[in-house]
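The values are calculated or read from the model by the stated rules, or taken from the named source; none is laboratory data. This is a predicted model, so every value here is computed, not measured. With ideal geometry, Cβ positions are generated from the backbone for all residues, glycine too; neighbour counts draw on all protein chains shown.
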Amino acid sequence: MAFNLFIAYDLHTPGQNYDEVRSRIKELGQWHQFQLSLFYVNTTYDAVAAYNHIIGVMDGNDKLAVIDAAGGVVTTWDRPPIDAINAIWTQR
């Protein structure tokens, strides 16, 4: 089963392991980075499993949200591949 997840995070000092956090997110499956700390991922991981996969490289004072989005549509900004994202999102 595939899940459409939005993943958002805030990394606070000390640490701020941006490269490690982004690497963990990208390991989950097809992804698109909408903003510095906001990703969309189409993955076989459910929200809890994805959260557990990422949180291990974060500091105790960092923030992480993994949201299962059953459906949605995005519009253009910063030239994301809208058609590809929407096609992945609506796959069944």
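Which pairs do you get when a residue that is farther than 13 Å from VAL57 by Cα, found in the stretch 6-19, comes within reach of a residue that is among the hydrophobic types (A, V, I, L, M, F, W, C) and modelled with pLDDT under 90, reach meaning Cβ atoms under 9 angstrom, with the pair 6+ apart or on two chains?
So the pair list comes out as PHE6/PHE34; PHE6/ALA69.
Only residues that are modelled with pLDDT of 90 or more and out of contact with any Asp or Glu (no Cβ under 8 Å at 6 or more places or on another chain): list them for the stretch 3-17, please.
PHE6, ILE7, ALA8
For the stretch 1-27, give me each residue that is surrounded by 14 or more Cβ atoms within 10 Å (Cβ to Cβ) and either of a type in the set (Lys, Arg) or in a strand (DSSP E or B) (or both).
Hits for the stretch 1-27 are PHE3, ASN4, LEU5, PHE6, ILE7, ALA8, TYR9, ARG22, ARG24.
Condition first: out of contact with any helix residue (DSSP H, G or I) (no Cβ under 7 Å at 6 or more places or on another chain), modelled with pLDDT of 90 or more, more than 12 Å from PHE6 (Cα to Cα) and in a loop (DSSP other than H, G, I, E, B). Now tell me which residues in the stretch 28-60 satisfy that.
If the condition is that a residue be out of contact with any helix residue (DSSP H, G or I) (no Cβ under 7 Å at 6 or more places or on another chain), modelled with pLDDT of 90 or more, more than 12 Å from PHE6 (Cα to Cα) and in a loop (DSSP other than H, G, I, E, B), then THR44, GLY56 are the ones that fit.
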